[in-house]
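Right, one structure below, let's go through it.
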Amino acid sequence: MASIRNPWIETPLLESSILSKIAGCRIFLKLENLQPSSSFKSRGIGNSMLKSIQAQNPSDTRDVHFYSSSGGNAGLACVTAAVSLGYKSSVIVPTSTDERTIEKLRAAGASEVISHGDNWFHADEYLRKTVIPEAEKHGERGIYIHPFDNPAVWEGAATMIDEIKTQMPDSERPDAIICSVGGGGLFSGIMDGLDRVGWGDQVQVLPVETLGADSLAQSLKKGELITLPSITSVATSLGAIRVAEHAFQQAQRPNVTPVVLDDAEACAACWRFLDDERYLVEPACGVSVALAYDGRLKHYLNGFRPESKVVIIVCGGSKITLELLNKYQRTYQRRSEELASKYA
């Protein structure tokens with residue numbers, strides 16, 4: 001199995017002169033939007049799939065078929081990795097998933113895309129309890145790939161910290177890392193990765209959510225894991241109504257500062273980031289980029305100074321088009337300006 005090529009790539013870490021000027025400190029962009037699936041999910045999902053392949057019993061001759069539940073990016077990562085590894089894959093999506101996303105999954109090489117359930121939780125339950133058992137009855141070896149709550153997923157996400165350590169100028173340690181949080185797979189990987197490279201609690205981590213998809217922040221506020229009744233944010237890629245237990249535990253460490261921003265702030269960052277850096281990202285990514293704008297970092301970053309080195313994980317995402325971005329701008333322009341004024 002050592003000869004199998006990883007279904008993800010090492011991504012660049014670039015210092016952004018324009019965002020550094022805007023933020024008032026040194027901003028570095030970890031460009032996970034350049035992964036084969038257009039998001040950081042290629043790392044965690046890809047690693048989970050590799051671990052599953054390596055764990056196969058050589059005497060089991062059944063055809064391997066990977067199954068994922070996702071409203072978009074995790075499913076696309078599963079399909080993209082499966083194609084590169086030479087296996088079949090299917091994705092179960094909530095019924096709310098738009099047709100464009102479904103077509104993108106099919107175009108990427110999915111064997112089947114099945115719509116079921118009002119949200120990810122119900123789609124995932126249907127996958128585990130019905131779809132995979134049926135596949136097993138027909139002689140397949142159905143492998144379940146969880147989109148975020150799996151140590152192999154965190155291990156894959158953690159590889160970006162290994163890269164950041166070698167990519168930072170003069171091997172310097174960043175003062176902070178900013179990442180978006182949905183189910184917590186990326187955040188868990190970052191925290192585990194910091195421990196692995198010896199940075200532990202020396203780097204401030206800012207996990208960012210949008211209001212209406214803020215299951216981590218609400219859990220921390222209550223002091224226990226909570227389940228949101230629904231997702232009301234436009235950042236549907238952050239739409240896990242309950243974060244992983246591991247993410248909840250990691251978020252209680254002293255170097256973690258949770259942040260919750262409005263949809264308008266996330267969307268405004270998307271159109272500004274497109275103008276400034278020429279990258280088109282969805283609101284689930286924009287909410288992290290938003291901290292570089294309008295003085296937000298001065299509000300959230302401990303010991304903020306011009307020399308502060310901040311890495312933003314540009315997590316990417318495929319659920320965005322220029323048409324949709326223009327719609328967001330028409331909807332949220334005024335609200336985003338109102339919210340920006342409070343940081344002035």
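For the chain, the share of accessible area belonging to carbon and sulfur comes to 48 percent (1.4 Å probe, ligands and nucleic acids excluded).
Under 29 Å of direct C-alpha separation, and excluding same-chain neighbours fewer than eight residues apart, Lys342 reaches these lysines: Lys21, Lys30, Lys221, Lys222, Lys298, Lys309, Lys327.
Where both partners of a DSSP beta bridge lie in the chain, what percent of those bridges are antiparallel, to the nearest 5? If we restrict to bridges inside the chain, about 15 percent are antiparallel. Sorted largest first, the principal axis extents computed over the alpha-carbon atoms of the chain equal 62, 43, 40 Å.
Toward the positive end of the charge dipole of region 1-155, with +1 on the Cβ of Lys and Arg and -1 on the Cβ of Asp and Glu, the farthest Cα among Leu13, His122, Leu85 is that of Leu13. Evaluated at q = 0.15, 0.20 Å⁻¹, the base-10 log of the normalised Debye intensity for region 42-144, with identical point scatterers placed on the Cα atoms, takes the values -0.56, -0.98. Dipole size of the chain about its Cα centre, with +1 on Lys/Arg Cβ and -1 on Asp/Glu Cβ: approximately 180 debye, rounded to the nearest 20.
Excluding residues fewer than 8 places away in the same chain, name every one of the aspartates and glutamates whose C-alpha is closer than 19 Å to that of Lys129. The reachable aspartates and glutamates, counting only those whose Cα sits under 19 Å from Lys129, are Glu112, Asp118, Glu140, Asp149. Counting Cα-Cα pairs of region 190-344 in 5 Å increments starting at 0 gives whole-percent bin shares of 2, 9, 17, 21, 21, 17, 10, 4, 1, 0. Protection proxy ranking of 95-106, 115-126, 146-157, by the mean of other Cβ atoms within 10 Å over each peptide's residues and highest first, is 146-157, 115-126, 95-106. Protection proxy ranking for 183-192, 234-243, 46-55, 331-340, using the average of other Cβ atoms within 10 Å per residue and placing the highest first: 183-192, 234-243, 46-55, 331-340.
The values are calculated or read from the model by the stated rules, or taken from the named source; none is laboratory data. Note that the coordinates shown come from a computational prediction; the quantities given were computed from them, not determined experimentally. Neighbour counts are summed over all protein chains in view; Cβ atoms, including those assigned to glycine, are modelled from backbone coordinates with ideal geometry. Note: areas computed on protein heavy atoms with side chains; ligands, DNA, RNA excluded. Shrake-Rupley method; radii C 1.70, N 1.55, O 1.52, S 1.80 Å.
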